[in-house]
1. Out of the range 252-278, which residues are in a loop (DSSP other than H, G, I, E, B) and within 20 Å of Gly187 (Cα to Cα)?
2. Just a yes or no: is a residue in the range 197-220 in contact with a Leu (Cβ under 8 Å, 6 or more places away or on another chain), among the aliphatic types (A, V, I, L, M) and closer than 23 Å to Arg258 by Cα?
3. Tell me, which residue of the range 137-152 that is of a type in the set (A, V, I, L, M) and not in a loop (DSSP other than H, G, I, E, B) is farthest from Lys197 (Cα to Cα)?
4. Cβ-Cβ distance below 9 Å, separation of 6 or more or different chains: which pairs start in the range 305-324 with a residue that is more than 16 Å from Ser115 (Cβ to Cβ) and end on one that is among the small types (Gly, Ala, Ser) and assigned to a loop (DSSP other than H, G, I, E, B)?
5. Return the only residue of Val100, Val63, Val78 being in a strand (DSSP E or B) and of a type outside the set (S, T, N, Q).
6. Answer with yes or no whether Val326 is modelled with pLDDT of 95 or more, more than 24 Å from Asp153 (Cβ to Cβ) and loosely packed, with under 15 Cβ neighbours inside 10 Å.
7. Can you pull out every residue in the range 107-119 that is crowded, with 19+ Cβ neighbours inside 10 Å and in a helix (DSSP H, G or I)?
8. Out of Asp104, Asp128, which single residue is closer than 30 Å to Val243 by Cα, at pLDDT below 95 and surrounded by fewer than 22 Cβ atoms within 10 Å (Cβ to Cβ)?
Amino acid sequence: MAKRLAEVARKVGFSEATVSRVLNEKPGVSAATRQAVLTALDVLGYERPTKLRGERARLVGLVLPELQNPIFPAFAEVMGAVLAQRGFTPVLCTQTTGGVSEADYVDLLLQQQVSGIVFIGGLYAQTDAPHEHYARLAARHLPTVLFNASFGDLGFPCVSCDDSVAMEQAISHLVSLGHSRIGLLIGPLDHVPSQRKLAAARVVAAKAGISLEPEQIAHSFYSLEGAQASAVRLLEAGVSGIVCASDPMALGAIRAARRAGFSVPRDVSVVGFDDSALMTCTDPPLTTVRQPIEPMCRTAIELLVSQIAGTALSHNELLFEPELVVRGSTAPPATSR
């Protein structure tokens, strides 16, 4: 019992005494606090007290493209904790190749009568992907939030990291070290955040007086293996620094450089994006552009909860500024290659 009280208290951020009052149905606890404690019991896998089992927790869908990239579990962890504090139970929906599609998940979540949905890195960010399921959600007026840049105006508020600032920070860092031939390793052609990164990179390069030729730009799927194959082309083009659209892609670029006989960062500098888990433990520790995970996730959930409460919100995109974190994968370029 003491362990359960402690774990639930930590989950919701309340005292053990408050949790105890809820479990024992004592007065002096607000409805929101009571619901948050009951939701925390559900999330942590504890049974509710017998008299409280008839109260079904409110559900919110969290739809993610994968869990292999550590940035997505990081987003889900923060959002899940905030939802629990607000009295909601997160329903994690993770797509897999050949498995349940995003549209299928929408059908399942609607059947579960969820209170709302947060999409993280979904098909809304791809211009050539199907978007009909978003139109269905908009028509039903189901509270929905999109996390990171979307295609056009799909009718929902959106929370994003500022890709333009990210590129300015990464490229300016390499330029300050003396790099003049910089490669860009980004996502697929129809991926909106990658399109934004490319557009911003062109502007930053022009201001710095350096070129960004077609052979210095490579597109890849967001995987270590795909990035490794694409990075080979950048290395063959003679770049001395590579800016990547994710940390796993950066690790793929480092592997490609080493297999080509280059040392990182002596011969090639590499910059990632996200600052996901364990990037301080890589060899070398990865220089990367850190997304502000905590404030972005909290804002996304607050926007969702506001909609659930009946507040009409604009469809504007809220941009959050990232932060360059310099570690061991970047250095001044070698005098010759």
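The values are calculated or read from the model by the stated rules, or taken from the named source; none is laboratory data. Predicted model only: the values in this text are computed from it and were never measured. Cβ atoms come from the backbone with ideal geometry, glycine included; neighbour counts cover every protein chain shown.
1. Keep residues of the range 252-278 that are in a loop (DSSP other than H, G, I, E, B), which gives 260-268, 275-278.
Result: Asp275, Ser276.
2. So far as the range 197-220 goes, yes, one or more of its residues are in contact with a Leu (Cβ under 8 Å, 6 or more places away or on another chain), among the aliphatic types (A, V, I, L, M) and closer than 23 Å to Arg258 by Cα.
3. At the first step, the residues of the range 137-152 found to be of a type in the set (A, V, I, L, M) are 137-139, 142, 145-146, 149.
Among the residues that remain, those that are also not in a loop (DSSP other than H, G, I, E, B) are: 137-139, 145-146.
Details: Leu137: 29, Ala138: 28, Ala139: 32, Val145: 22, Leu146: 19 Å.
This residue is Ala139.
4. As it stands, the answer is His315/Gly155; Glu317/Ala149; Glu317/Ser150, since those pairs meet every condition given.
5. Working: Val100 fails: in a strand (DSSP E or B); Val78 fails: in a strand (DSSP E or B).
Exactly one residue qualifies, and that residue is Val63.
6. Details: modelled with pLDDT of 95 or more: yes; more than 24 Å from Asp153 (Cβ to Cβ): yes; loosely packed, with under 15 Cβ neighbours inside 10 Å: yes.
For Val326, the condition - modelled with pLDDT of 95 or more, more than 24 Å from Asp153 (Cβ to Cβ) and loosely packed, with under 15 Cβ neighbours inside 10 Å - is met.
7. Correct list: Leu109 only.
8. Working: Asp104 fails: closer than 30 Å to Val243 by Cα.
Unique residue meeting the criteria: Asp128.
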